Structures are given as structure tokens and as C-alpha cells.
Amino acid sequence: MLLQGKVAVVTGSGRGVGRGIALALAKEGAKVVINDVGCGIDGRGTAEDPAVQVVNEIKALGGDAVPNYDSVSDFKAAANIIKSAVNSFGRIDILVNNAGILRDKTIVKMEEDDFDAVIGVHLKGTWNCGRHALPLMREQGYGRVINITSSAGLRGNFGQSNYGAAKAGIMGLTLCWALELGRYGITVNAMAPSGLTRMVGTIPGMEGKEPPPEMNADLNGPMVAYLASERAANVNGQIFGRRGFGYTLFQQLRPLAMMYKPGGLSPSEIAANFDGVFLEHLQPIGIPQMRRDDKKEEKK
Ligand SMILES: NC(=O)c1ccc[n+]([C@@H]2O[C@H](COP(=O)([O-])OP(=O)(O)OC[C@H]3O[C@@H](n4cnc5c(N)ncnc54)[C@H](O)[C@@H]3O)[C@@H](O)[C@H]2O)c1
């Protein structure tokens, strides 16, 4: 088992992707704090308690877990999430920042509250939990952080400027933390997961249907478990994805082409040279749909 004796916090792990990650960590021997406020998909309240269900699932498998109900978006409450690991299991080795909500609208219809709420849970929530956990990891000279990002932040997605901005921000946190903390035995990586989670109920025609096996949200867990292990000590500041039954490694942004003139260029000089230098390099935007050939390839 890759994570025997390790202690993990997985935020938003009462459902979906987070639940799959928590179960994967527990199956590898980690003790897990199952944090989840049990809110609706838009972050508004419900009376549900998914955290305790996942704790029971882990215990039924012979593992160890405790529930925690604090919100990642509140700085003081986030301290309690990390304290819950220390108080229950004596330390924190692994932090998976996964909690998330959606308030999809195009920019012309999006309210300020839709922006603040989504940034608050994803970006501020990730920073909050990191801010409380990373000093403890630095003190013990060991830690693993996996931040859950999304293609919406890596490539853009229609109607998700709040979510895409938060997920792109999480990429920035990941790269900066990886640079700051690598020398203390801590790795910080990101993963863009996939899976038909409770969103399945909102997709027309999918109501009440089992997701196809390649869309199972539990498929994200094994890669996160590996990144959370001592075996992945040399993997830092990387961005992974999950596509069907496969895992991918994303390229990071690098300059691709350059227009140059000693002393600088005027707007009309840029206009005269733009196409010649940049046109063939302009990048596609948005998340590419999986082509039929890719799907066939995956089945092999
Ligand atoms: N499902 C996908 O295909 C997909 C794709 C890309 C990224 N993601 C990311 O994966 C993560 C999980 O998404 P999911 O699809 O499992 O969604 P989900 O709605 O099934 O699960 C998210 C969980 O987070 C909890 N949560 C929300 N706000 C919280 C807060 N403030 N504090 C603590 N818990 C909170 C919710 O109660 C919920 O149980 C998110 O970060 C999401 O952006 C998912």
C-alpha cells in the first residue's frame, strides 16, 4: 500500500470526484478527513450530510476516517479542517483541494455574487487550506498537495468565466507553492479530473442513468493517490489530467514565437509584421471534444 501511516485531508469529499479520491487514498492505507459542507451544486445550503456517508464507506472497507463540516471558503473555518487531521490522527501529510461549486452564466448575465462565491470556494478555499496546512508540512519536512483544477481554467469554457478564472488561479497557486516548498520535501501538483458526478442529473436524457464506465468519477483517485505518495517525490509543479481510462500530462505555457526590433516596435510596425510572425502560431480556445479516433484508441 502506497500511503500506509499517512494522514490526508480531502476537501469536498462527500460526493463525486472528492469521494473517489478519498476512497482511493484510504484503500492505499491513508487516514482521511472527509470535509464537506453538503451544499447544493451552486453552493447554497442543503440538509444533506454526504461526509458521514463516505466516512462509513471507508470504515466498512477497514479504513479510518473522520467527517468535518467546515467551509473551505472561510479562512478561520479552514483552519479547523486542518486541525481536524492533527487532532484526530496527529499530523497532516496530504492535502487535496477539491471542494467546488458552479454558477455558470455568460459574463453579461453573471451577478457579482456568482463571481465571488465561485472564486471564494475554489481559489480562496484552496489558498485557505494551503495556508493552514503548509507551515505544518514545512515543519515536518514532508508534504503532498494536489490541487484540483479544470480544463475550463487551462483552456477556457463557455459560460464559466468565474469558474475558469478560479481554476486558472489554482494553477498559479500550484506553480508558486511548488517553487516555494520543493526544497522542504513538499510537492505541489494539480490535476484536472473528469467524471459524470451529480451533474449527471442535470444533463437532459441522463436523468437516473448510470454513467458510462469511462466517465466514472472514481477513475481520478489512483493518480491522486500516486502523487500523494512518497514514490512521487520527484514530481513537483506538474499538471495532470484524466481522460477516459487514461491520464495525461499538460504542457505549461511557454513563449511560442517572438517579434523583435532593437528599441521597440510601433503599432503600425506590429500590424505590418503580425501575421508573418504570429498567425500560424495562434492558439485554439476552449476544450476540444474527444474525437471518434481518440475514443477508439482508448478502447484498445
Ligand atoms: N466532475 C468533473 O467532470 C470535473 C471536471 C473538472 C474539474 N472538476 C472539479 O472537481 C471538484 C469536485 O467536483 P465534483 O464534480 O465532484 O462536484 P460535486 O458537486 O459532486 O462535489 C463537490 C463537493 O464539494 C462540496 N463543497 C462545496 N463547497 C464547499 C465548501 N465551501 N467547503 C467544503 N465543501 C464544499 C459540495 O458539498 C460537494 O459535495 C471540483 O473542484 C470541480 O471543479 C470536476
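Computed values, structure above
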read-out	value
Complete set of residues in segment 23-39 that are over 15 Å from Val72 (Cβ atoms) and touching a strand residue (DSSP E or B) at 6+ places or on another chain (Cβ under 8 Å)	Leu25, Ala26, Ala30, Lys31, Val32
Number of the exception - Ile82 against (1) surrounded by fewer than 24 Cβ atoms within 10 Å (Cβ to Cβ); (2) under 30 Å from Leu181 (Cβ atoms)	(1)
Yes/no for Val96 being closer than 26 Å to Ala24 by Cα, out of contact with any Asp or Glu (no Cβ under 8 Å at 6 or more places or on another chain) and within 16 Å of the ligand (Cβ to nearest atom)	yes
Hits in segment 50-66 - residues which are under 23 Å from the mean Cα position of the chain (by Cα) and surrounded by fewer than 21 Cβ atoms within 10 Å (Cβ to Cβ)	Val52, Gln53, Glu57, Val66
Within segment 13-34, tally of residues that are within 7 Å of the ligand (Cβ to nearest atom), assigned to a loop (DSSP other than H, G, I, E, B) and open to solvent by less than 20 Å² (accessible area, probe 1.4 Å)	1
Unique residue being buried (at least 18 other Cβ atoms within 10 Å of the Cβ), within 15 Å of the ligand (Cβ to nearest atom) and part of a strand (DSSP E or B) when the list is Val72, Val37, Val10	Val10
Qualifying residue in segment 102-118 (condition: in contact with an Asp or Glu (Cβ under 6 Å, 6 or more places away or on another chain), within 12 Å of the ligand (Cβ to nearest atom) and either at pLDDT below 95 or farther than 23 Å from Leu249 by Cα (or both))	yes
Failed criterion for Leu123 (all others in (1) in a helix (DSSP H, G or I); (2) more than 12 Å from the ligand (Cβ to nearest atom); (3) open to solvent by 10 Å² or more (accessible area, probe 1.4 Å) hold)	(2)
Which listed residue is within 16 Å of Ala24 (Cα to Cα) and out of contact with any strand residue (DSSP E or B) (no Cβ under 6 Å at 6 or more places or on another chain), from Gly244, Gly237, Gly221	Gly221
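The values are calculated or read from the model by the stated rules, or taken from the named source; none is laboratory data. Quick caveat: nothing in here was measured; it's all calculated off a predicted structure. With ideal geometry, Cβ positions are generated from the backbone for all residues, glycine too; neighbour counts draw on all protein chains shown. Note: areas computed on protein heavy atoms with side chains; ligands, DNA, RNA excluded. Shrake-Rupley method; radii C 1.70, N 1.55, O 1.52, S 1.80 Å.
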